[in-house]
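Below is one structure, written out as structure tokens; comments come after it.
The values are calculated or read from the model by the stated rules, or taken from the named source; none is laboratory data. In this text, all values refer to a predicted model and were calculated from it rather than measured experimentally. Here the Cβ positions follow ideal geometry from the backbone for every residue, glycine too, while neighbour counts run over all protein chains shown.
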Amino acid sequence: MNHLPPRRELSDLRQSVAERAKPEISIRVCSTGCRALGALAVCEAFECEVAARKLTSRVRVVRTGCHGLCAGAVAVVIDPKGIFYQGVRADDVREIVETSVVGDGIVDRLCYRLGDEVVWRQEDIPFYKHQTKLVLRNCGLIDPRSLEDYIAQRGYESVERVLSSMSPEQVIDEVAASGLRGRGGAGFPTGLKWRLGQAAEGSPKYVVCNADEGDPGAFMDRALLEGDPHLIIEGMIIGAYAVGAERGFIYVRAEYPIAIEHTQTALAQAREAGLLGSNILGYGFDFDIEIRKGAGAFVCGEETALIASLEGRRGMPRPRPPFPVTFGYSGKPTVINNVETWANIPRIIEMGANAYSQIGTAGSKGTKIFALAGKVKNTGLVEVPMGATLRQIIYDVGGGIPGDGQFKAAQMGGPSGGCVPADYLDYPIDYDSLQQIGAIMGSGGLIVMDNTTCMVDIARFFTDFVQAESCGKCTPCRIGTRRMLEMLERFTCGEGESGEVEQLAKLGEMINKASLCGLGQTAPNPVLSTIRYFRDEYDAHIHERRCPAKACRHLLSYRIIDGVCVGCGACRKVCPVGAVEGKPKEPYTINIATCVRCGACVQACKFNAVSVD
């Protein structure tokens, strides 16, 4: 390797960033996921208000990535005090600036609340206090469109260190010693994958960032690309140097326009600063990255299907071996890691493998990002050490179940994962422990369910998804998931027969063993895990024609309670099929033969006079 002096451009940039006058006050507005609730209008309102008050010399409005607490959208933080406001609208901006920017007060009505207590400091909010932000530390802090902001947070220091003082073998040794395992689902040791890629014969070699995030409810990769794209680019540069690659791809689904926009901007900035292209930083290393957009096929999250799509073919998996590290893109050695895995690499180089490996468990090192969704108060993006329990994530970070409901299960690992019941609330979450209880880490989707959730219907929902997304190449997945779905649909309609649960479990085990790719092999997991832990619900649907959670509408029976009904007629007005019968000011009745079980009457009744059995 030809060690030449670093390029002056990056040194000058780092020096100018260090000398840049920092604003007295920063107003950080989530401008990615919060856009759906008017974040851009909030940003514009802040910028206009700051300009109108002639505060631009000391106040900066920062359009950041996700702050994490999606339940509080639009989220705004005012530094240096760390004031956190949630549910902000453009109409609130003038009051916020007057009270908390010009003045020293707090707008109580926009603060986070713990019961009657107002919690205005971000670091004191349980959602943030109980997290360990390693990978997500820049998200919500910097402008993802600014290379200068990234440099100010020690950005690209790891690349400089690697190119100036480490051999490719030393880089791989450091990653291997950290214990990092792939965050895409299977948890394969990253250092081992890189070592295999480096040793593979053939040239050129490639590295790929798998950003084809297709799990329902998952948005970890999207948030990282939207909120800190330079972190992923830096990780890929280090990985490419280690394995000897000159070209890289970021394969991201086209449904992520903000992620694509911010990543394209970051790539252009990196090239201009000499961090991508020929002779990176003057060290004789050539590497560049290209974005490729996927069409949204779930199966393209599987490595060989992703490679087929990169090559312009239909995204379908192929048998392995050979594995992509020896026979990948264009038949050449290709190292594929997902977004979160690449994002961990600069942190490992920065803090050292020994310090990194102190976080997590014996077999699963570092932190894990989860997309916390479903029946939980504080939905959003969560980063905790490996080995954290479901109780810590759902109750300490997530704030528990809304309405003081009862936790029933958590679906982990997306459609390929399993349902973890309440018995395992205090079970440590890592790659190996989850497999023992019938679930997988997956990419990090975590959907919380309470006692109003029907586990048979949940199994039907995820099976419907994987069946629709099956590429159809192998018979066990193509036909087997269809047969599973048909059985589950009959169960939720009260048409199941004795012995069919055993047939369903046997079918799932066969699909698991015989499918071609990892997605087909894990497709039965939601079904098998719900049978394992919630067999009583299956029996109720089949033998009693009853849904214990009162969620499967075909198994529900509606009746109006005589003596409670006041004859107001609200239920009759909303019934779409005229099933509510009777006269005004007299108790009504429901014609069961006509009723379509839509539940509109329950929602309309103010006297709780409609019973659902």
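Just a few scattered comments:
- Index of the failed condition, Glu290 passing every other in (1) modelled with pLDDT of 95 or more; (2) among the acidic types (Asp, Glu); (3) crowded, with 24+ Cβ neighbours inside 10 Å: (3)
- Residue check, Glu95 assigned to a helix (DSSP H, G or I), touching a helix residue (DSSP H, G or I) at 6+ places or on another chain (Cβ under 8 Å) and among the charged types (D, E, K, R): no
- Which numbered condition Ala245 fails, given (1) crowded, with 23+ Cβ neighbours inside 10 Å; (2) at pLDDT below 95; (3) within 25 Å of Tyr356 (Cβ to Cβ): (2)
- Answer residue from region 60-83, given it is in contact (Cβ under 8 Å) with a residue 40 or more places away in the chain, at negative phi and more than 23 Å from the chain's Cα centre (by Cα) and is surrounded by the fewest Cβ atoms within 10 Å (Cβ to Cβ) among those: Pro80
- The listed residue being of a type in the set (Gly, Ala, Ser) and either in contact with an Asp or Glu (Cβ under 8 Å, 6 or more places away or on another chain) or at pLDDT 95 or above (or both), out of Gly472, Gly508, Gly520: Gly508
- The residues in region 75-88 that are out of contact with any Lys or Arg (no Cβ under 7 Å at 6 or more places or on another chain), under 20 Å from Asn378 (Cβ atoms) and part of a loop (DSSP other than H, G, I, E, B) can be counted, and the count is 4.
- Residues in region 317-342 that are within 18 Å of Phe188 (Cα to Cα) and in a helix (DSSP H, G or I): 4 in all.
- Unique match (being surrounded by fewer than 21 Cβ atoms within 10 Å (Cβ to Cβ) and hydroxyl-bearing (Ser, Thr, Tyr)) among Ser443, Ser433, Ser515: Ser433
- In region 401-418, of all residues being surrounded by 19 or more Cβ atoms within 10 Å (Cβ to Cβ) and out of contact with any Asp or Glu (no Cβ under 7 Å at 6 or more places or on another chain), the one that is nearest to Ala523 (Cα to Cα) corresponds to Ser416.
- Tally, over region 568-599, of residues that are in contact with a Pro (Cβ under 7 Å, 6 or more places away or on another chain) and buried (at least 18 other Cβ atoms within 10 Å of the Cβ): 0
- Test: residue in region 145-160 that is under 20 Å from Val62 (Cα atoms), among the charged types (D, E, K, R) and in a loop (DSSP other than H, G, I, E, B): yes
- Count of residues meeting criterion [among the aromatic types (Phe, Trp, Tyr) and either modelled with pLDDT of 95 or more or in a strand (DSSP E or B) (or both)] in region 189-225: 2
- Boolean, Arg314 is assigned to a loop (DSSP other than H, G, I, E, B) and touching a Ser or Thr at 6+ places or on another chain (Cβ under 9 Å): no
- Residues that are closer than 20 Å to Ala245 by Cα and modelled with pLDDT under 95, drawn from region 257-272: none
- The criterion of being under 30 Å from Ser16 (Cα atoms), in contact with an Asp or Glu (Cβ under 9 Å, 6 or more places away or on another chain) and not hydrophobic (A, V, I, L, M, F, W, C) does not hold for Ser309.
- Single unsatisfied condition, Ile142 versus (1) within 23 Å of Ile393 (Cβ to Cβ); (2) not assigned by TED's automatic domain parsing to the domain that holds Cys30: (1)
- Evaluating Lys550 against the criteria (1) of a type outside the set (Gly, Ala, Ser); (2) buried (at least 19 other Cβ atoms within 10 Å of the Cβ); (3) modelled with pLDDT under 95; (4) not in a helix (DSSP H, G or I) leaves one unmet condition, (2).
- Residue match in region 263-281 (condition: in contact with a helix residue (DSSP H, G or I) (Cβ under 9 Å, 6 or more places away or on another chain), in a helix (DSSP H, G or I) and farther than 30 Å from Arg63 by Cα): no
- Residue in region 111-119 that is assigned to a helix (DSSP H, G or I), surrounded by 21 or more Cβ atoms within 10 Å (Cβ to Cβ) and either out of contact with any Cys (no Cβ under 6 Å at 6 or more places or on another chain) or modelled with pLDDT under 95 (or both) present: no
- Residue tally, condition in contact (Cβ under 8 Å) with a residue 60 or more places away in the chain, of a type in the set (Gly, Ala, Ser) and more than 14 Å from Ser146 (Cα to Cα), over region 244-279: 3
- Residue count for region 553-571, restricted to those that are in contact with a helix residue (DSSP H, G or I) (Cβ under 8 Å, 6 or more places away or on another chain) and either assigned to a helix (DSSP H, G or I) or touching a residue at least 60 places away in the same chain (Cβ under 8 Å) (or both): 4.
- The set of residues in region 26-41 being within 15 Å of Leu141 (Cα to Cα) and either surrounded by fewer than 16 Cβ atoms within 10 Å (Cβ to Cβ) or aliphatic (A, V, I, L, M) (or both) consists of Ile27, Val29.
- Unmet requirement for Pro23, which otherwise passes all of (1) more than 30 Å from Leu276 (Cα to Cα); (2) modelled with pLDDT of 95 or more: (2)
- Residue that is crowded, with 21+ Cβ neighbours inside 10 Å and of a type in the set (Ser, Thr, Tyr), where the choices are Ser57, Ser100: Ser100
- The set of residues in region 317-346 that are within 18 Å of Asp173 (Cα to Cα), more than 20 Å from the chain's Cα centre (by Cα) and either not assigned by TED's automatic domain parsing to the domain that holds Gly301 or not hydrophobic (A, V, I, L, M, F, W, C) (or both) contains only Pro346.
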